[in-house]
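Some notes on the structure that comes next.
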Amino acid sequence: MLGPVLLAASRSAAIRRIVSAAPVTRPTVDRFVAGERLAEAIPVVRALAERGLEVTLDHLGEDITDPAEALRNRDAYLALTEALAAEGLAGRAEMSVKLSAFGQALSGGHDLALAHVTPVVEAADAAGTTVTLDMEDHTTVDSTLAILAELRRRFPRTGAVLQSYLFRTEDDCRALAGEGSRVRLVKGAYKEPASVAYQDKREVDLAYVRCLKILMAGEGYPMIGSHDPRMVAITQELARRFGRKLDEYEFQMLYGIRPAEQERLAAEGHRMRVYVPYGTDWYGYFMRRLAERPANLAFFLRSLVGRG
């Protein structure tokens, strides 16, 4: 029951001020966010790479209200690309972008987001890495997939995220299961109405498996974004069924969640990518992590009690 409340809180400016001011928040956030500055995130990437893990980096900055912020986010990703190349990490780390950070929700946002994200994808390609377009709430899906199609004309390795809790996602999986596509499948972390999304966890899980089967049977490159042991096991079984080699799909998990499992999968030879966010605009991301898993919320509440 707390999940919808926390998701609503993730967009509340008043609650943001309260949570941000709490003394316990910063050390708790550090469990899930790799610092506020690029200089803090790069050592985290290097340490993960040294443990046999791959990375996707997210510069936090969604839900902007000013076109100038979109430019700042573009420039932050260009600086990130430059740093990955300079540090020799481009082969182990890609980038994840939320198009709302590039102005998608502003007036004329579709064209604005495409104009701002294109130089980031160009720079990533030149550096030897790539970009995955994160998916946000259901109102952004058509625009995001249209931008993906445009980017893939020149940069076919550009990836996208699909969310199993949306009714439409099985059809989207079929459309994106072709050769050369890169799709990260997740369950979904936004509060969506019953008119467009499954509300029951079991239904979301069943939809995830149906989508997973479509992607694993296809000719693209599935990226399994889940911490659920059942989904990991089902993926391994589907890989055997469809004859996929270990380098023909990958697992993805969030920084700070199930790190031992991440290292276990990597040690078994699986490609294991860690989603590493960084930046000052961490509040919305942090609240969604609390909403997703009761264990995350319990960890935060224990910290509050311990400081009380």
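Setting aside same-chain residues fewer than 8 positions from Lys191, which aspartates and glutamates have a Cα under 12 Å from its Cα?
Glu136, Asp137, Glu292
Mind checking which of Ala194, Leu166, Ile234 is farthest towards the positive end of region 39-278's charge dipole, using Cβ charges of +1 (Lys, Arg) and -1 (Asp, Glu) about the Cα centre?
The listed residue farthest towards the positive side: Ile234.
In straight Cα distance, which lysines are under 23 Å from Lys213, not counting same-chain residues fewer than 8 positions off?
Once the sequence-local lysines are set aside, what remains near Lys213 is Lys187, Lys201, Lys245.
Enter the accessible area per residue of region 39-278 (Å², integer; probe 1.4 Å; all protein chains in place).
Accessible area per residue: 41 Å².
Only four residue types carry charge here, +1 at the Cβ of Lys and Arg and -1 at the Cβ of Asp and Glu. Report the dipole size of the chain about the Cα centre in Debye, rounded to the nearest 20.
900 debye
Please check: in the Gaussian network model of the chain (C-alpha springs, under 10 Å), which one of Leu48, Leu215, Leu99 has the largest mean-square fluctuation.
Residue with maximal mean-square fluctuation among Leu48, Leu215, Leu99: Leu48.
Please list, in order along region 283-290, the HN-Hα scalar couplings obtained from phi with the Karplus expression 6.51 cos²θ - 1.76 cosθ + 1.60 (θ = phi - 60°), rounded to whole Hz, x for Gly and Pro.
Going residue by residue, I get 4, x, 4, 4, 5, 5, 5, 5 Hz, with x marking Gly and Pro.
Could you give the nm distance between label points at Val209 and Asp142, where each point is 7 Å from its Cα heading toward the beta carbon?
It is 3.3 nm.
On a full-extension model of 0.36 nm per residue, what is the gain between Lys201 and Phe155, subtracting their alpha-carbon distance, rounded to one decimal in nm?
13.0 nm
What does the charge count near Phe242 come to, summing +1 for each Lys or Arg and -1 for each Asp or Glu among other residues with Cβ under 13 Å from its Cβ?
Summing Lys and Arg as +1 and Asp and Glu as -1 gives +2.
Highest GNM mean-square fluctuation, the chain, Cα pairs closer than 10 Å: which of Arg258, Arg153, Arg174?
The residue that fluctuates most here is Arg153.
Towards the positive end of the charge dipole of region 39-278, with charges on Cβ (+1 Lys, Arg; -1 Asp, Glu), say which of Gln262, Ala124, His110 has the farthest Cα.
Gln262
When the chain is treated as a GNM, springs tying every alpha-carbon pair under 10 Å, which of Lys191, Lys201, Lys213 comes out with the largest mean-square fluctuation?
Lys201
Run the simple label-point estimate for Lys245 and Ala233 please: 7 Å along Cα→C-beta, distance reported in nm.
2.8 nm
Using a 1.4 angstrom probe on heavy atoms only, work out the carbon and sulfur share of the accessible area of region 32-99 in %.
In region 32-99, the share of accessible area belonging to carbon and sulfur is 49 percent.
The values are calculated or read from the model by the stated rules, or taken from the named source; none is laboratory data. All figures in this text were calculated on a predicted structure; none of them were measured in a lab. Glycine also receives a Cβ, built like all others from the backbone with ideal geometry; neighbour counts cover every protein chain displayed. Heads up: the accessible areas ignore ligands, DNA and RNA and are worked out on the full protein's heavy atoms, side chains in. Shrake-Rupley method; radii C 1.70, N 1.55, O 1.52, S 1.80 Å.
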